[in-house]
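The values are calculated or read from the model by the stated rules, or taken from the named source; none is laboratory data. Keep in mind the model is a prediction, meaning the values are calculated, not measured. For neighbour counting, all protein chains shown are included, and Cβ atoms are generated from backbone atoms with ideal geometry for every residue, glycine included.
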């Protein structure tokens, strides 16, 4: 099957900075994929090249098998982009903006689909409101609708939930999940790592224009996450647990717990030593911790 | 084709929705020129025999309004979209650079023509107009409007802020249109400035346009067309080249 997104040897040099330094990446059809990285890592540059908003210095990019430069018309038909900036055209209403967007993609007027989009995004009663009069969250929803108006198989969301309230975030993800379940490929960049963790099957981490981690979310968590056991004890930490000690705050100890199976031995040892346990918790795998670790370890 | 039509329609609606500033205001400005100049100069100046000054002034004013507004439409649309960022809505779709060019250029031309026609209608309250060669009138309106619609696109793409655009408007467009014989025949100028005027393409636009009304002008309309038509072609090619290369639009 043709990959939804295929990127090879992608480089981008701006006058003062090299944004991408040889990126290779393949995203399969139907994947829910996260592109993570600190500000300035090159996420938006990569998306811009895919969308034809920027031109690569070297390397090539394809969307559903169509080269984004040579075969730009086909490539752009396959791609829906929700831009990061909250942009809008102040001259028009929500419906007009969507009708224009569909027209730019060469589509005849399709009010049924536009009504469906408006309904899914909770915009039905704003359809005839001027874009200027919408709140930030509403404008964001319109941007999503504009990206979907031509029913693209590949959808790119560049930080779609930045500055968006919880309710909209929830309904937005429910809708995007539904699209993914229908077979749409989703490429997401976000600073909210818990979103990436719960939504995305696979993750790429970008640092200074290079991919420094690329794996399934589950693998990344398994391989990179350092599990911790937090104990509040009624006495001092027994000697046999000293090698595991990672931190201490009063009677609370933070212990290394690479394997759940160790837990039984630890508790048995404590009982034997006569040290009571007042409180116990095991940290859950967290993509944010993995992200910080990867970013710290990755060679500059 | 749907892509082109949609963008063209959007560009027309963009100025149509703010008709007061984009169409009524320039017609009012032209009306004021007519009011003042016809009142002050009608009795004193006669450029061509049998043609009153107000009648002489009319084609120049019509053409000047047409050109300035064709320029204003394409340039302001592009710079506004660039600065607010909503230019992405037309950069993301699979519009070809030719569709992009034609939509912006023709919409700007339409605004120029609408305002030109409006000024002409207003002028008819002041003076009677002859219409000797309507085809020349139409030809010069279309070809000259094309030049300024293209120059507007070039300026709009090139400019990074409103200041840049104001610079082009104040230091290029205004002098070129004012020093082109809108208000006078260049034969009334000193020899040196007459010579300089011959390097101003706007002079040929207005002179040829005027020929269409009165059947007399400073130079032969064919010579005018031989200057203006290649200018239109060159400015179109420059605009197309900029769009194709993605200059300042696709980084």
Quick count over region A:1-19, residues being part of a strand (DSSP E or B), modelled with pLDDT under 90 and under 28 Å from residue A:198 (Cβ atoms), is 0
Could you tell me whether region A:133-148 includes any residue that is in the same structural domain as residue A:183 (by TED's automatic domain parsing) and over 27 Å from the mean Cα position of the chain (by Cα)? yes
Just checking, does region B:84-95 include any residue being surrounded by fewer than 23 Cβ atoms within 10 Å (Cβ to Cβ) and more than 10 Å from chain A (Cβ to nearest Cβ)? no
Just one of (1) in contact (Cβ under 8 Å) with a residue 60 or more places away in the chain; (2) over 22 Å from residue B:7 (Cα atoms); (3) crowded, with 16+ Cβ neighbours inside 10 Å trips up residue A:141, so point out which. (1)
Sole miss for residue A:182 among (1) touching a helix residue (DSSP H, G or I) at 6+ places or on another chain (Cβ under 9 Å); (2) at pLDDT 85 or above is condition (1)
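Listed here are the residues, each with its yes/no results for (1) over 14 Å from the mean Cα position of the chain (by Cα); (2) in contact (Cβ under 8 Å) with a residue 40 or more places away in the chain; (3) surrounded by 12 or more Cβ atoms within 10 Å (Cβ to Cβ); (4) in a helix (DSSP H, G or I).
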{"position": "B:151", "(1), (2), (3), (4)": "no, yes, yes, yes"}
{"position": "B:157", "(1), (2), (3), (4)": "yes, yes, yes, yes"}
{"position": "B:167", "(1), (2), (3), (4)": "yes, no, yes, yes"}
{"position": "B:172", "(1), (2), (3), (4)": "no, no, yes, yes"}
{"position": "B:176", "(1), (2), (3), (4)": "no, no, yes, yes"}
{"position": "B:183", "(1), (2), (3), (4)": "yes, yes, yes, no"}
{"position": "B:192", "(1), (2), (3), (4)": "yes, no, no, yes"}
{"position": "B:196", "(1), (2), (3), (4)": "yes, no, yes, yes"}
{"position": "B:199", "(1), (2), (3), (4)": "yes, no, no, no"}
I need every pair where a residue in region A:92-104 that is in contact (Cβ under 8 Å) with a residue 24 or more places away in the chain has its Cβ under 9 Å from the Cβ of a residue that is part of a strand (DSSP E or B), sequence separation at least 6 or different chains. A:92/A:130; A:93/A:130; A:94/A:130
Report every pair of residues separated by at least 6 positions or lying on different chains whose Cβ atoms are under 7 Å apart, first residue within region A:67-80 and more than 10 Å from chain B (Cβ to nearest Cβ), second in a helix (DSSP H, G or I) and buried (at least 18 other Cβ atoms within 10 Å of the Cβ). A:67/A:75; A:68/A:49; A:68/A:50; A:68/A:75
For residues that are over 25 Å from residue B:76 (Cα atoms) and assigned to a helix (DSSP H, G or I), scanning just region A:81-112, find the one that is farthest from the other protein chains (Cβ to nearest Cβ). A:112
Which of the numbered conditions does residue A:69 fail, given that it passes all the others? Conditions: (1) under 14 Å from residue A:210 (Cα atoms); (2) surrounded by fewer than 23 Cβ atoms within 10 Å (Cβ to Cβ). (1)
Matching entry among B:22, B:6 (being modelled with pLDDT under 90, in contact with a helix residue (DSSP H, G or I) (Cβ under 8 Å, 6 or more places away or on another chain), buried (at least 19 other Cβ atoms within 10 Å of the Cβ) and within 14 Å of chain A (Cβ to nearest Cβ)): B:22
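Going by the conditions given, is residue A:176 surrounded by 15 or more Cβ atoms within 10 Å (Cβ to Cβ), closer than 30 Å to residue A:138 by Cα and touching a helix residue (DSSP H, G or I) at 6+ places or on another chain (Cβ under 6 Å)?
Working: surrounded by 15 or more Cβ atoms within 10 Å (Cβ to Cβ): yes; closer than 30 Å to residue A:138 by Cα: yes; touching a helix residue (DSSP H, G or I) at 6+ places or on another chain (Cβ under 6 Å): no.
No: the conditions fail for residue A:176.
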Quickly run through region A:20-57 and pick out the residues that are touching a helix residue (DSSP H, G or I) at 6+ places or on another chain (Cβ under 9 Å), within 14 Å of chain B (Cβ to nearest Cβ) and closer than 24 Å to residue A:197 by Cβ. A:50
